[in-house]
Amino acid sequence: MVEKKVKKEQVPRAKMPEQAPDVRNKNFMEVPLGLTPEMARTEASRCLQCKNPACVDGCPVSVDIPGFINKIAEGDFEGAAKKLWERNALPAICGRVCPQEIQCEGRCIIGKKGSSVAIGYLERFAADYAREKGSVELPGVAEKTGKKVAIIGSGPSGLTVAGDLVVKGHDVTIFEAFHQTGGVLVYGIPEFRLPKEIVASEVSTLEKLGVKIETNSVVGATVTIDELFQEGYDAVYVGVGAGLPRFMNLPGENLIGVFSANEYLTRTNLMKAYRFPEYDTPVARGKNVVVLGAGNVAMDAARTAMRLGAESVKVVYRRSRAEMPARAEELHHAEEEGIEFILLTNPVQFFGDEKGRLCGMECLKMELGEPDASGRRRPVAIQGSEYTIECDLVVVSVGAQPNPLLTNATPEISLNRWGNIVAHPVTGKTTKKGVWAGGDIVTGMATVILAMGAGREAANSIHDYLSIGW
Amino acid sequence: MFKIVNREEMAQGTIVLNEIEAPRIARKAKPGQFVILQANEKGERIPLTMADVDPEKGTITIIYMIVGKSTSLFGKMQVGEEYFAVIGPLGKATHIEKRGKVVCVGGGTGIAVLHPITRGLKEAGNEVITILGSRNKDLLILEDKMSKVSDTLHICTDDGSRGHHGFVTDVLKDVLEKEDIRLVVAIGPVPMMKFVSKITKEKGVETLVSLNPIMVDGTGMCGGCRVSVGGKTQFACVDGPEFDGHEVDYDELSKRLQAYHEDEKISMDQCRQNL
């Protein structure tokens with residue numbers, strides 16, 4: 001036993017094959033290329049198959065991680081995908097965008113001494129293998145219950161709820177405001193990090209299971225929640241995300257060339273402006289680009305700007321490297337691609353030319369003071385440290401707040417003081433009977449997997465309601 | 001979905017009317033609200049304020065001038081063809097109430113947007129004085145319809161080919177001198193709204209304008225449509241599209257409307273080559 005353990009630790013963690021940084025920063029193709037079957041089996045063999053797996057505790061949807069890894073080790077890749085699907089309707093997506101280092105991989109026992117098992121790579125491998133083979137059978141669907149569920153928003157939490165409830169026999173319809181399904185997975189996360197073909201494939205699986213999708217439907221405007229109940233829906237799940245971009249209210253913020261990350265990414269990803277003029281929607285192509293903020297969205301914007309032909313891309317962040325909230329892999333990829341991090345620096349104002357176009361940004365240097373409410377050391381301005389960065393494009397990526405469009409039209413749904421929906425922390429029940437909510441509209445901006453976790457809990461609660469009662 | 005059931009050309013084919021099947025939107029839409037349209041999957045999302053709705057028939061009507069690639073694509077579609085996407089109704093509806101004497105000022109395709117608001121004001125019991133402007137008599141649209149919902153109708157053309165030879169502001173000044181006007185609604189090109197607001201501000205007459213900045217989603221998500229109103233940033237899609245005309249920063253709006261000028265030229269050239 002001891003001998004076996006030692007052997008496992010000696011096998012080094014798989015290294016993901018990737019497009020070279022100076023090649024990929026000029027195209028929109030996916031950066032990691034995926035493990036080969038041999039690499040996957042070797043990596044899977046590193047797993048200790050713990051009796052009480054800590055990795056599973058670290059997963060918001062409790063995937064049977066040792067179970068699916070064991071299947072890979074045995075060479076049964078389709079069996080591995082099936083295992084994943086038992087708990088996770090979107091494994092090809094999670095394998096790519098989950099912050100594994102603070103979830104499953106962060107808890108991995110062999111990670112305590114050496115490198116954790118590359119659970120994310122393996123999840124991605126199994127899901128991709130099954131999708132490319134087209135061989136995985138659909139899960140069984142229970143007998144029809146005759147109950148109708150409306151899901152508002154087709155992002156990760158909405159898709160999870162849809163998948164969970166349709167297999168339980170309910171009649172599920174997703175309402176999506178955009179013309180395309182996927183929410184943040186299609187408008188926000190870029191092609192080079194999550195190919196849209198994968199999202200389309202996951203959505204098409206749900207459709208094959210019987211989920212109906214109504215695009216171009218802005219619930220709150222096109223139709224209200226009360227009207228959905230009148231139309232015969234028995235339950236409603238609200239998963240509309242963190243919709244409104246936050247700006248910094250600095251002088252010059254309305255100059256041409258200052259964009260929200262939402263606009264910059266939506267134009268590029270959803271509207272495919274990176275293929276302009278083949279696609280009609282344009283996007284500003286900056287020469288000297290500044291991205292404000294240091295989360296995953298900021299990294300997506302910075303790496304997009306590089307691919308759209310920028311000469312320089314700077315991420316300007318008011319705290320230090322240690323506080324940057326993006327996934328470790330995103331920071332690493334961004335730096336490899338030539339993006340500069342300008343830390344402990346905060347914007348003060350933007351300068352424009354006579355045509356109202358951005359030409360520069362004044363900044364102030366910061367130092368770290370006492371910890372604030374978030375536990376992170378508060379950045380404090382250094383007086384007299386102002387200087388100007390020349391730039392023709394600024395992407396403001398300092399977070400988003402809830403979109404009031406739906407909640408204004410549904411006053412019975414209580415909100416907290418930030419405008420997020422108040423939902424029961426476990427079940428996701430809102431203050432309006434028959435209505436659940438989950439994901440960013442409840443928590444504020446978080447991750448795909450947390451939204452999916454909330455969706456899973458809400459789906460269980462909705463199923464109980466439809467079977468037993470509120 | 002979104003089938004064109006009626007199509008008319010106006011102003012020598014430069015302006016096109018489409019009546020489109022969109023039952024859910026037609027059931028909810030109110031004067032002043034807009035929709036976002038997309039001609040095909042590769043098309044741009046274009047916001048247009050609705051000119052009319054027929055809830056029983058389940059249709060909405062838009063009227064647009066052909067100015068770039070997207071409106072060219074819209075204009076080419078014939079009865080029976082379908083828009084790829086129509087989303088709405090978006091934005092806040094016009095607050096319509098009885099105020100007394102009101103003036104409705106319209107220019108270009110802004111007249112199409114002004115029509116349902118004017119009709120609403122008339123039905124609410126207001127005395128409506130309408131002033132319409134265009135470059136020449138052939139480019140003037142909806143004169144008959146506007147006449148039906150107005151107590152008095154003034155026409156102005158830049159070249160003097162119809163009505164008053166000059167701008168709508170000339171007539172407006174005159175009306176404001178003679179009458180006790182409680183509200184002015186001005187919808188048209190940005191310079192027109194700017195100068196109307198300048199005059200009414202001097203006279204202290206409340207003024208509503210409807211703005212049409214560049215948008216992507218139309219639901220508050222992108223922030224591309226931000227306008228400065230009273231020194232504060234507002235999103236035209238969810239806070240508007242109507243605003244207090246005296247408080248809008250029209251110069252900033254004009255500049256922001258030029259943001260994609262170069263790209264629009266590339267698109268239009270490509271579109272012409274394909275035609």
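The values are calculated or read from the model by the stated rules, or taken from the named source; none is laboratory data. The structure presented is a predicted model; accordingly, all values stated were derived computationally and were not measured. All Cβ positions, glycine included, derive from the backbone under ideal geometry; neighbour counts span all protein chains shown. When the accessible area is computed, the model is the full protein with side chains, heavy atoms only, and any ligands, DNA or RNA have been set aside. Shrake-Rupley method; radii C 1.70, N 1.55, O 1.52, S 1.80 Å.
Summary of values
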quantity: Residue that is over 21 Å from A:LEU250 (Cβ atoms), free of Cβ contacts under 8 Å to residues at least 24 places away in the same chain and of a type outside the set (Phe, Trp, Tyr), where the choices are A:GLU335, A:GLU311, A:GLU330, A:GLU367; calculated: A:GLU335
quantity: Any hit, the stretch B:167-174, residues being within 13 Å of another protein chain (Cβ to nearest Cβ) and at negative phi; calculated: no
quantity: Wholly within the stretch B:1-108, strands (runs of 3 or more DSSP E) carrying at least 1 residues that are in contact (Cβ under 8 Å) with a residue 12 or more places away in the chain and open to solvent by less than 10 Å² (accessible area, probe 1.4 Å); calculated: B:4-10, B:15-21, B:34-38, B:59-65, B:85-90, B:101-107
quantity: Selection status of A:ALA294, touching a residue at least 24 places away in the same chain (Cβ under 8 Å), open to solvent by less than 20 Å² (accessible area, probe 1.4 Å), within 11 Å of chain B (Cβ to nearest Cβ) and part of a loop (DSSP other than H, G, I, E, B); calculated: no
quantity: Residue match in the stretch A:259-273 (condition: part of a helix (DSSP H, G or I), more than 7 Å from chain B (Cβ to nearest Cβ), without any contact (Cβ under 8 Å) to a residue 24 or more places away in the chain and closer than 29 Å to B:PHE74 by Cβ); calculated: yes
quantity: All positions within the stretch A:159-173 that are surrounded by fewer than 24 Cβ atoms within 10 Å (Cβ to Cβ) and touching an Asp or Glu at 6+ places or on another chain (Cβ under 8 Å); calculated: A:GLY169, A:THR173
quantity: A:ARG303 of a type outside the set (Gly, Ala, Ser), on the phi < 0 side of the Ramachandran plot and not in a helix (DSSP H, G or I); calculated: no
quantity: A:GLU340 under 30 Å from A:GLN103 (Cβ atoms) and open to solvent by 70 Å² or more (accessible area, probe 1.4 Å); calculated: yes
quantity: The stretch A:45-71 - residue that is farther than 16 Å from A:PHE125 by Cβ and of a type in the set (S, T, N, Q) and, of those, most open to solvent (accessible area, probe 1.4 Å); calculated: A:ASN52
quantity: Qualifying residue in the stretch A:341-362 (condition: in contact with a strand residue (DSSP E or B) (Cβ under 9 Å, 6 or more places away or on another chain), outside any loop (DSSP other than H, G, I, E, B) and under 25 Å from A:LEU194 (Cβ atoms)); calculated: yes
quantity: Test: residue in the stretch A:332-350 that is within 14 Å of chain B (Cβ to nearest Cβ) and over 21 Å from A:GLY106 (Cβ atoms); calculated: yes
quantity: Candidates A:LEU250, A:LEU265 - the one that is open to solvent by less than 10 Å² (accessible area, probe 1.4 Å) and modelled with pLDDT of 95 or more; calculated: A:LEU265
quantity: Filter result for A:MET366 (in a strand (DSSP E or B) and surrounded by 13 or more Cβ atoms within 10 Å (Cβ to Cβ)); calculated: yes
quantity: Residue satisfying condition, being under 25 Å from B:PRO89 (Cβ atoms) and open to solvent by 40 Å² or more (accessible area, probe 1.4 Å), within set B:GLU206, B:GLU242, B:GLU262; calculated: B:GLU206
quantity: Residue in the stretch A:174-184 that is modelled with pLDDT of 95 or more, open to solvent by less than 10 Å² (accessible area, probe 1.4 Å) and in a strand (DSSP E or B) present; calculated: yes
quantity: Residues located in the stretch B:255-268, provided they are touching a Pro at 6+ places or on another chain (Cβ under 9 Å) and either on the phi > 0 side of the Ramachandran plot or more than 8 Å from chain A (Cβ to nearest Cβ) (or both); calculated: B:LEU257, B:GLU262
quantity: Count - residues of the stretch B:120-168 that are in a helix (DSSP H, G or I), under 19 Å from B:THR207 (Cβ atoms) and open to solvent by 20 Å² or more (accessible area, probe 1.4 Å); calculated: 1
quantity: Selected residue [open to solvent by less than 20 Å² (accessible area, probe 1.4 Å) and either small (Gly, Ala, Ser) or touching a helix residue (DSSP H, G or I) at 6+ places or on another chain (Cβ under 7 Å) (or both)] from A:ILE462, A:ILE441; calculated: A:ILE462
quantity: Listing of helices (runs of 4 or more DSSP H) fully contained in the stretch A:1-98 that carry 2 or more residues being closer than 16 Å to A:GLU132 by Cβ and not hydrophobic (A, V, I, L, M, F, W, C); calculated: A:77-87, A:91-97
quantity: Conditions (1) open to solvent by less than 60 Å² (accessible area, probe 1.4 Å); (2) assigned to a loop (DSSP other than H, G, I, E, B); number of the one not met by A:GLY453; calculated: (2)
quantity: Search result, residues across the stretch B:227-254 that are of a type in the set (Phe, Trp, Tyr), in a helix (DSSP H, G or I) and facing chain A (nearest Cβ under 9 Å); calculated: none
quantity: Unmet criterion (only one of (1) in contact with an Asp or Glu (Cβ under 6 Å, 6 or more places away or on another chain); (2) of a type in the set (A, V, I, L, M); (3) open to solvent by 70 Å² or more (accessible area, probe 1.4 Å)) for A:MET306; calculated: (3)
quantity: Scope the stretch A:210-226; condition crowded, with 17+ Cβ neighbours inside 10 Å, more than 11 Å from every other protein chain (Cβ to nearest Cβ) and in contact (Cβ under 8 Å) with a residue 60 or more places away in the chain; matching residues; calculated: A:ILE225
quantity: Residue in the stretch A:27-40 that is in contact with a helix residue (DSSP H, G or I) (Cβ under 6 Å, 6 or more places away or on another chain) and under 20 Å from A:ILE110 (Cα atoms) present; calculated: yes
quantity: A:ARG327 being away from chain B (no Cβ under 14 Å), buried (at least 19 other Cβ atoms within 10 Å of the Cβ) and among the basic types (Lys, Arg); calculated: yes
quantity: Residues satisfying the stated conditions in the stretch B:207-224, i.e. more than 7 Å from every other protein chain (Cβ to nearest Cβ) and either on the phi > 0 side of the Ramachandran plot or in contact (Cβ under 8 Å) with a residue 40 or more places away in the chain (or both); calculated: B:LEU208, B:SER210, B:LEU211, B:ASN212, B:PRO213, B:ILE214, B:MET215, B:GLY218
quantity: Where A:VAL395 falls short, out of the listed (1) at pLDDT 95 or above; (2) buried (at least 18 other Cβ atoms within 10 Å of the Cβ); (3) more than 24 Å from the chain's Cα centre (by Cα); (4) part of a strand (DSSP E or B); calculated: (3)
